[in-house]
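Visitor: Dropping a structure here in C-alpha cells format, bear with me for questions.
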Amino acid sequence: QVQLVESGGGLVQPGGSLRLSCAASGSIFSIYTMAWYRQAPGKQRALVAYITTGGSTNYADSVKGRFTISRNNAKNTVYLQMNSLKAEDTNVYYCKASGLGTNYWGQGTQVTVSS
C-alpha cells in the first residue's frame, strides 16, 4: 500500500507563489505516473498536471505557463510549483499516484488565493 502526504498549501495573495509537495511512502516500486488534481466545493475533481517516470509532463490549459510539476525519485516526492496565482486557483489540491491497475490519493491540501 502506498501512502501520500501533501504539504505546502496555505493562503497567498494574487500574483504570489506556492510550492506543493507530495511524499510517497510504502510499496512505491509500481508507481508510474504522479499527478495533481484540484477540487472546488460542489465541483468535480479536475486534473491540474501529471508527470511520468520518464519526466514527460502535461498541464491543464488553465495553469499552463504558470504551474510546473516535477519529481525527485530519490526522495519519492512530487512537487507543484504554482506561480502567478489567481483567485480562481483557490481549491483543495490532491496528489495522485498511479501504479499497476491502482490509483492512490492524498488527503488534499487547501490553497486559497485572496487579498
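The values are calculated or read from the model by the stated rules, or taken from the named source; none is laboratory data. All figures in this text were calculated on a predicted structure; none of them were measured in a lab. Ligands, DNA and RNA are excluded from the accessible area calculation, which covers all protein heavy atoms including side chains. Shrake-Rupley method; radii C 1.70, N 1.55, O 1.52, S 1.80 Å.
Visitor: With the other protein chains left in place, how much accessible area per residue, in square angstrom, belongs to the chain at a 1.4 angstrom probe?
Guide: 53 Å²
Visitor: Between R19 and R45, what length comes free when the chain is fully extended (0.36 nm per residue of separation minus the Cα-Cα distance, one decimal in nm)? Please list the in-between numbers first.
Guide: Numbers: separation 26, 0.36 × 26 = 9.36 nm, distance 1.98 nm.
Contour length minus the Cα-Cα distance gives 7.4 nm.
Visitor: Next up: Carbon-plus-sulfur fraction of the accessible area of the chain, 1.4 Å probe, in percent?
Guide: On the chain, the fraction of accessible area on carbon and sulfur atoms equals 47 percent.
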